[in-house]
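The values are calculated or read from the model by the stated rules, or taken from the named source; none is laboratory data. Bear in mind that the values here come from a model prediction, so they are computed numbers and not experimental data. Positions of Cβ are generated from backbone atoms using ideal geometry, with glycine treated the same way; all protein chains shown enter the neighbour counts. Side chains are part of the model used for accessible areas, which takes the heavy atoms of the whole protein and leaves out ligands, DNA and RNA. Shrake-Rupley method; radii C 1.70, N 1.55, O 1.52, S 1.80 Å.
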Amino acid sequence: MKSHIAEYVSPGHPDRLADAIVESIVDLAVGRDSEALVGVECAVHTDHVFIDGRIAAGKGKCAVSHEEIEAIARGVYRKAGYGGIWIHAPEKLKVIQNVCLGPLSDDERAIRSLSDDQNVVAGYACNHPETDYLPPAHFIANYIGRKIDAWRRTVSDKFGPDFKIMVDVGYDTAVAGRPPYHADTGRAGTPCPPQYWNRLTLSIQHAPGVFAAEQHELVLPVVRGALAELEARGLAGISDLPIENFILNGMGDFIVGGPEGDNGLSGKKLAVDFYGPEIPIGGGAICGKDPHKVDVAGAFRARELALRLLKERGGNAITVRLGWTPGDAAPAFRESERVDSLGMTHPIPASALPPEDWFRIDSIVADMRLTAIIRREKVLSGYFMQS
């Protein structure tokens, strides 16, 4: 029985603070100019926030100001839960910027439909509707993490914004003879194999005086509630978590957290943002980049194509790879493959793929309404999560 591992990091984790800041900047710029060119990065450490990059948006002058960027940084900290006993307070942050702001010139606007960089993007879908067609371990970690984050905000005097989860489960792949659909929902798909816990690890920031016994007393019911919901979705066996396999703050006290306990940088959580550590994910981060960049447009289109091919051709999983070179409107490299029920891989012929126009950057942005997506919400909930 193979072990499957995946992680979730909370909105208060230093890397996620940085991600949410740059995605909020993208949302602001693209909301004011749908063709905005945005490439920004963020680093956080102690009470400092460093933001650099370029924003070209609007005509005549930039549609975004330095003052608005600073306000975004403070707002992200506030929404994550910092302030009060959880340092650093948003109003006391030192926000340092080296962001080149200016209007988007007509010349640059005219070539927004062309790739301004090279990149390989990957798309993936497995035939498990109960996990949003995502690898089960990846979905489980995300689901539990979002439940804990919502709960933590109701007990914010005891638990802080910074936490991480790691799930380690084994799958029983002997599903022969089971029906090819879920009788309770009627959703087509391969039944998710039973899950067996090897370990569930949660490291969560807590206030002084909240000792291990109280931590377990408060946190364990939330975890078990999330697992019961996952079992009801069709993940057989997932609610059976032996207490000895649940590791809570395994290193002891976790009082100093967030950017006071560690530094953070945008774009570091690529495996968490895509499909977990088991699936190759290509070359570039999504966060901090406008929708016309192939790191973004290509990633969303590749996932859409994987889902489409899974519906059309069946099998256990579909993997898609797309490759752009600078100046391309559509990827020069387009490859996909199907994994059957026996684990054998079969290339999908090019004739089965959509026409080239479907892969063009301008078509992707328009068809998928990428400029309307609230990216800050997506990066915190999961770019490819549907529920």
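Is it the case that some residue within region 128-135 is of a type outside the set (K, R), farther than 20 Å from A20 by Cα and free of Cβ contacts under 8 Å to residues at least 24 places away in the same chain? No: region 128-135 contains no residue that is of a type outside the set (K, R), farther than 20 Å from A20 by Cα and free of Cβ contacts under 8 Å to residues at least 24 places away in the same chain.
Could you identify the single residue in R224, R233, R199, R153 that is within 22 Å of N142 (Cα to Cα), in contact with an Asp or Glu (Cβ under 7 Å, 6 or more places away or on another chain) and either modelled with pLDDT of 95 or more or open to solvent by less than 40 Å² (accessible area, probe 1.4 Å) (or both)?
Answer to the check: R199.
Every residue, every condition in (1) β-branched (V, I, T); (2) more than 30 Å from Y196 (Cβ to Cβ), yes or no:
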| site | (1), (2) |
| --- | --- |
| N245 | no, no |
| G250 | no, no |
| V256 | yes, yes |
| K268 | no, yes |
| G283 | no, yes |
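Restricting attention to region 78-124 and to residues that are among the polar types (S, T, N, Q) and surrounded by fewer than 19 Cβ atoms within 10 Å (Cβ to Cβ), the residue that is farthest from T154 (Cα to Cα) turns out to be S105. Looking across region 128-155, the residues that are under 17 Å from V222 (Cα atoms) and among the β-branched types (V, I, T) come down to I140, I144, I148, T154, V155.
In this structure, V120 does not satisfy being under 20 Å from R375 (Cβ atoms) and outside any helix (DSSP H, G or I).
Restricting the search to region 1-55, which residues are modelled with pLDDT of 95 or more and hydroxyl-bearing (S, T, Y)? Y8, S10, S24, S34, T46 - these are the residues of region 1-55 that are modelled with pLDDT of 95 or more and hydroxyl-bearing (S, T, Y). When G170, G160 are checked against the criterion of being modelled with pLDDT under 95 and not polar (S, T, N, Q), G170 stands alone in meeting it. Of everything in region 342-369 that is more than 18 Å from R308 (Cα to Cα) and in contact (Cβ under 8 Å) with a residue 24 or more places away in the chain, the residue that is nearest to the chain's Cα centre (by Cα) is I361.
Of the strands (runs of 3 or more DSSP E) lying entirely inside region 1-112, those containing at least 1 residues that are among the polar types (S, T, N, Q) and either at positive phi or more than 19 Å from the chain's Cα centre (by Cα) (or both) are 3-9, 94-102.
Screening G58 with (1) farther than 30 Å from T190 by Cα; (2) surrounded by 17 or more Cβ atoms within 10 Å (Cβ to Cβ); (3) modelled with pLDDT under 95 gives one miss only, at (3). Considered as a group, the residues in region 223-237 that are more than 22 Å from the chain's Cα centre (by Cα) and in contact (Cβ under 8 Å) with a residue 12 or more places away in the chain include one that is farthest from G252 (Cα to Cα), and that residue is G234.
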